[in-house]
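Novice: Quick one: this structure, given as structure tokens, is what I'll be asking you about.
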Amino acid sequence: MKFSWERNLMVLWIGVFFCSTAYSISIPFLPIFLNTDLGVTEHLEIWSGFAFGITFLASALISPFWGSLADKYGRKPMLIRSGFSLAALYLINYFIHDPYWFLVVRIFQGLLAGFVPAAIALVATNTPEEKTGYALGIMATAGATGSIVGPLIGGVVSHYYGNRSAFLFSCVVVLLSAIIALVFAKEQNFNRSAARSHVLDDLKMAWANRAFMTLLGMVAISTFSVMILEPLITVYVLEMGVSKT
């Protein structure tokens, strides 16, 4: 079958939508899960902050390594690796009853993540140059849509089946992302014989690019302004007197 970047865009849009939905099904309710299922009654705000932040810290530290592997072996293998890994980790969360082990799993979720960045990179490198801006704009709507739908599903699941069951739903949904990537995603314009880049060299190159570092700083500030509140919104709602059940 002839390669079609439009078909690839549609397939990866669906994959990113499911992955973002899986994340937002269970993650917004972490403070309630920590409190009611894992027995955290004191310093819930600090526990929630650690549970959120430690995943992103691990992801930030490991991302250059996964990017280097993607340059060597392709973006599609990174999609498959991340999708199936996240599905397994969401499933493990369902069986955890200790808050410290929960933090360990959250670290591994950060270390093994990368589905969305790999999907965006795959779209960018397999779309005609004159259509790249359009394609990346369409991909941005996938994550946003998943982030809207996920909490709605997660709220219903948590209310009727319990917070722990939300991880099972996340597992199933992100597993769909992995299967979609495995079966339908295509990758062209990739030279598998090219030499693998070195992470330190990549970091030095990025640091030397002033425009790139400026944009990176702007993204970091905007993300910080959002994430500083996300772990605490649920705790704040609970403090307003809303019932956990």
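The values are calculated or read from the model by the stated rules, or taken from the named source; none is laboratory data. This is a predicted model, so every value here is computed, not measured. Cβ sites come from the backbone with ideal geometry, for glycine too, and all protein chains shown count toward neighbours. The area values use the complete protein model at the heavy-atom level, side chains included, leaving out ligands, DNA and RNA. Shrake-Rupley method; radii C 1.70, N 1.55, O 1.52, S 1.80 Å.
Novice: Counting other C-beta atoms within 10 Å, and keeping those with at most 11, which DSSP coil GluC sites (Glu not before Pro) do you find in the stretch 1-99? If you can, show how the numbers build up before the last one.
Specialist: Numbers: sites: Glu6, Glu42, Glu45; in loops: Glu42.
Here the sparse-neighbourhood loop sites are Glu42.
Novice: Please sort 144-157, 124-137, 28-41 by packing, taking for each peptide the average over its residues of neighbouring beta carbons within 10 angstrom, highest first.
Specialist: Top to bottom by mean Cβ count within 10 Å: 28-41, 144-157, 124-137.
Novice: Then there's this: Please report, for the Cα atoms of the stretch 93-236, the Rg to one decimal and the Dmax as a whole number; what are they, in angstrom?
Specialist: Rg, Dmax (Cα atoms, Å): 18.8, 53.
Novice: Turning to a different aspect of this structure: Using the charge dipole of the chain (Lys, Arg: +1 at Cβ; Asp, Glu: -1 at Cβ; taken about the Cα centre), state which of Val40, Ala88, Ser68 has its Cα farthest towards the positive end.
Specialist: Most positive-ward Cα: Ser68.
Novice: Starting from 0.36 nm per residue, how many nanometres of slack lie between Asp202 and Ala124 once their C-alpha separation is accounted for?
Specialist: The Asp202-Ala124 span can extend by a further 26.2 nm.
Novice: How many nm is it between the label spots at Ile46 and His159, if each spot is 7 Å from the Cα in line with the beta carbon?
Specialist: 3.4 nm
Novice: Okay, next question. Compute the label zone of Leu57 within the stretch 107-121: residues whose backbone N is under 18 Å from the point 7 Å along Cα-to-Cβ.
Specialist: Within reach of a label on Leu57, which here means backbone N under 18 Å from a point 7 Å along Cα→Cβ, the stretch 107-121 contributes 107-113.
Novice: To the nearest whole percent, what portion of all C-alpha pairs in the chain is separated by more than 32 angstrom?
Specialist: Details: 7096 of 29890 pairs.
Percentage above 32 Å: 24.
Novice: Give me the one-decimal nm value for the distance between modelled label points at Met10 and Lys186, 7 Å along each residue's Cα-to-Cβ direction.
Specialist: Placing both labels 7 Å along Cα→Cβ, they lie 1.3 nm apart.
Novice: Measure nothing but the geometry: give the 0 to 90° angle between the long axis through the Cα atoms of 44-73 and the longest principal axis through the Cα atoms of the chain, rounded to 10°.
Specialist: On a 0 to 90 degree scale, this one is about 20.
Novice: Another question, if that's okay. Work out the FRET efficiency for Met240 and Ala144 from their Cβ-Cβ distance, taking R0 = 35 Å, and round it to the nearest 0.05.
Specialist: 0.85
Novice: Evaluate the charge dipole of the chain about its Cα centre and quote only its size in Debye, nearest 20, assuming +1 on the Cβ of each Lys and Arg and -1 on the Cβ of each Asp and Glu.
Specialist: Its charge dipole is roughly 780 debye.
Novice: Can you list the equivalent-ellipsoid semi-axes of the stretch 108-174, largest first and in whole Å, using the square root of 5 times each Cα gyration tensor eigenvalue?
Specialist: Largest first, the stretch 108-174 gives 31, 15, 7 Å.
Novice: So what's the angle, to the nearest 10 degrees on a 0 to 90 scale, between helix 230-239 and the longest Cα principal axis of the chain?
Specialist: With both axes taken from Cα atoms, the answer is about 20 degrees.
Novice: What is the distance in Å between the Cα centroid of the stretch 211-232 and that of the stretch 49-83?
Specialist: 18 Å
Novice: May I ask for the angle, rounded to the nearest 10°, between helix 99-111 and the longest principal axis of the chain, with both axes built from Cα atoms and the value confined to 0 to 90°?
Specialist: Rounded to the nearest ten degrees, it is 10.
Novice: Given a 1.4 Å probe, how much area per residue of the chain is accessible, in Å²?
Specialist: 55 Å²
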